[in-house]
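Here is the structure we will look at.
Since every read-out is calculated from the coordinates, none of them should be taken as a lab result. These numbers were taken from a predicted model, which means no experiment stands behind them. Note that we place each Cβ from the backbone using ideal geometry, even for glycine, and neighbour counts take in every protein chain shown.
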Amino acid sequence: MNIEVIEQAFSARLTTNMGTTPPPEGAPPPLRGGSTDDGMVALSYILAGLILYGGLGWLGDHYLHTEWLLPVGLILGLATSTYLIIKRYGRLE
Amino acid sequence: MNPGLLPLEDGVFTPPGVDDFKFGPAFPGGPDWLMWVNKPALQAVIGALLVILLWWWASRNLKVKPSKGQFFGEYVYEFVRNGIARDILHHDFKKFLPYLLGLFSFLLINNWFGVFFFFMYPTFSNVGYAYGLAFLSWCVYVGAGFAKFGFAGFLRRQLIPEGVPWYLLPIIIPLEFLANFITRPVTLALRLFANLFAGHLVVLVFVVGGSFLLTYSDNLIYNVAGGVSLLFSLAILFLELFIGALQAYIFTVLTAQYVSTSISEAH
């Protein structure tokens, strides 16, 4: 999985200070290699969008006796989720 | 000889299912106040005691030239400290390291209970325990955000992303609330629970079905199939060993990630 993490754990053990030196102040934070982690965080957005707007659509269908609100809600929710994910994580360094 | 191709469907055999994950009181006939204690509860307590005992034992008598035990303890500690906490939380990692380390070792021990003799049941294949742990992580990352930015400041940071035009905010804010405060801990818990539940169920299918076939009378083919199935269950158990470690790692990494998103200065 995340080779960098394992490598870092190894190399920290093998240096003389055993990894106790803090990273230098003011240095830019190291870029995270774990794109899988971000993917799992993004999952909650996708689910939230589908549940919230799909659910609202389902409720609307249920009480207004229509049939088109649920698909519209699902699509709207997915679109909003995607928009949010791009806003939160889509910035290039 | 049974003409059926599927001896498991003739009603004699009950396939493993959800009922195998339900336990009665661990001390039947004991006093009333002990009746709520069942096997998972007992395992969780034993797991917590083991975590305390192992880290107490690993942190005493430290030498400059480490023994094998000390090397192993330091290796696990630094894996969490450098590989998870410092990598994700950067400068603020020290405050959260004790929680992350405790979380990782508690999860690892409880997941490996599913593979080890005597226990043979992963505690977190019981969904309530997974929800409990996810709630604890939720308290930590929400609490860290409130402590750093104050109530209103933290909510504003979490609910209003930068660069979103005002007319989209009524659509965005409820979604952000749901995503950050509700589906996050729920997915955290369900990911852990589902992996361990499914893994344990697969082991049960191979072991229970295999031993049923192995002891089936007057049918050599069934016996051989049962034997192979039992042998294969060992491979599944090794897979479970890996998945238990992987899920403990993922749960800890995601907790650290959530803490990092709630205390980071800029999104």
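Computed over the protein assembly as shown, the percent of Cα pairs more than 37 Å apart is 35. Extending 7 Å from Cα along the Cβ direction at B:A152 and again at A:E67 yields two label points whose distance is 5.0 nm. Over the residues of chain B, the helix contribution to mean residue ellipticity at 222 nm works out to -21500 deg cm²/dmol, using -39500 (n - 2.57) for each DSSP H run of at least 4.
Of the DSSP H helices in chain B, those that are both long (alpha-carbon extent of 24 Å or more along the helix axis) and hydrophobic (Kyte-Doolittle mean at least -0.5) are B:39-58, B:93-112, B:127-149, B:184-214, B:220-263. Dipole check for the stretch B:119-267: with +1 at the C-beta of Lys and Arg, -1 at the C-beta of Asp and Glu, and the Cα centre as origin, the magnitude is about 380 Debye. Cross-link partners for B:K148 among the lysines, with Cα-Cα distance under 30 Å and sequence neighbours closer than 8 places in the same chain left out: A:K87, B:K94, B:K95. Across all Cα pairs in chain B, the calculated P(r) in 5 Å bins from zero up to the longest distance comes to 1, 5, 10, 12, 13, 13, 11, 10, 8, 6, 4, 3, 2, 1, 0, 0 percent per bin. Note on the stretch B:60-169: Rg/Rh from Cα positions, Kirkwood definition for Rh, rounded to two decimals, is 1.11. Length gained on full extension, B:V224 to B:V18, computed as 0.36 nm times the residue gap minus the Cα-Cα distance: 71.4 nm. Shielding by partners for peptide B:240-250, expressed as the average number of C-beta atoms from other protein chains within 10 Å of each residue's C-beta, is 1. Counting Cβ atoms of other protein chains within 10 Å of each Cβ in B:88-97 and taking the mean gives 2. Residue by residue along B:70-82, Cβ atoms of other protein chains within 10 Å of the local Cβ number 3 on average. In the stretch B:145-267, one over the average inverse separation of all distinct C-alpha pairs is 18.3 Å, which is the Kirkwood hydrodynamic radius.
When peptides B:70-80, B:231-241 are sorted by average Cβ neighbour count within 10 Å, with the highest value leading, the order is B:70-80, B:231-241. Along its three principal directions, the equivalent ellipsoid of the stretch A:50-93 from the Cα gyration tensor extends over semi-axes of 29, 7, 4 Å, largest first. Packing, taken as the mean count of other beta carbons within 10 Å per residue, orders the peptides B:220-229, B:108-117 from highest to lowest as B:108-117, B:220-229.
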